[in-house]
Amino acid sequence: MSEHSSHHVRLVMLGGSAVGKSSIIKRFLFDTYSEKHCPTVEDMHYREFHLGTMTLRVDFLDTAGDMQFPAMRRLSIANAQAFLLVYSVTNKGSLEIVKKCLEEIREQRADFQEIPMVVVGNKLDLAIDFRELPKEDVAEWVYCELPRLRVKVLECSAKDGVNITEIFRSFLSLAKMQVPSDSAGFHRRSSAHASSRKPKGPEEGVQKSEPRSRSLIRRVSKKLSKMREHAHRDNGSQDCSVS
């Protein structure tokens, strides 16, 4: 029998208002989409995934997009192990907010170069008629002006479900978590949970989680590599992957 372990990661979603942060996470977790926009103050979702002989629990923290709660945002950044930075391909100003969020990350986190980040342009379904931001321009900013980050640039459509799963596959790749290639899907172990929160003080807004990104990534990567070697020798059960 292979040794089983579990790990906990907090993924924080940042970006402007009405860019589709909540829509992306709801499409991924529940495969649902709503045209109605309900401003988020703070929502927490969680889900557990099987990766080889490791269970990975992910907390998805969906933050406010209007930048009215700086204390909550700072606390979210301080306790994150990964970031999803969302803009709209139809709104040039939304990328400027992403840039401000990234600057806050760089100011607060000495380990920012080790933290997995995915920069996502949502509303790809509207790109033909309303695009204001070419993907090439965003990629040039990320890869040329911000070298040596652990980052990937994608475009997606929460409405149509395009590239939604690829976003979260990218986080596993950036964190150097190798997903078994002989499995069919990204299956959940437990149901997702969401909790809407009202604005609170810095100490109450988000519970602190550990460890931080650098030590987490190194420990998970080493353990996962060993466990996959054991699983391969033992010809263990089918594992889960991202599709």
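Laboratory data are not the source of any read-out in this text; all were calculated from the coordinates shown. Just so it is clear, the structure is predicted and the values come from calculations on it, not from any experiment. Here the Cβ positions follow ideal geometry from the backbone for every residue, glycine too, while neighbour counts run over all protein chains shown.
What is the set of long-range amide H partners of Asn122 at a cut-off below 5 Å, with H atoms built 1.01 Å from backbone N?
Here the answer is Tyr87, Ser88, Val89, Cys156, since their amide H atoms fall under 5 Å of that of Asn122.
Past the 23 Å Cα-Cα mark, which pairs from Lys36/Lys99; Lys21/Lys100; Lys36/Lys135; Lys100/Lys152; Lys26/Lys100; Lys99/Lys123?
Lys36/Lys99; Lys36/Lys135; Lys26/Lys100
Taking θ as phi - 60°, what are the ³J(HN,Hα) couplings along the stretch 125-138 by the Karplus curve (6.51, -1.76, 1.60), each to the nearest whole Hz, with x for Gly and Pro?
Those phi angles translate into 5, 9, 5, 4, 9, 10, 5, 10, 10, x, 4, 4, 5, 5 Hz.
With a 10 Å radius around each residue's Cβ, average the other Cβ atoms per peptide and rank 102-112, 10-20, highest first.
Highest to lowest by the protection proxy: 10-20, 102-112.
At q = 0.11, 0.17, 0.20 Å⁻¹, what is the base-10 log of I(q)/I(0) for the stretch 59-150 according to the Debye formula with one equal point scatterer per Cα and no solvent? Please give it to two decimals.
-0.33, -0.77, -1.04
Taking the stretch 1-154, how much of its Cα-Cα pair set, in percent, is spaced more than 26 angstrom apart?
On the way: 3259 of 11781 pairs.
Here the tail beyond 26 Å accounts for 28 percent of pairs.
Which of the peptides 38-49, 131-142, 156-167 is most tightly packed, and how do the rest follow, going by the mean number of other Cβ atoms within 10 Å of each residue?
Ranked by mean Cβ neighbours within 10 Å, highest first: 156-167, 38-49, 131-142.
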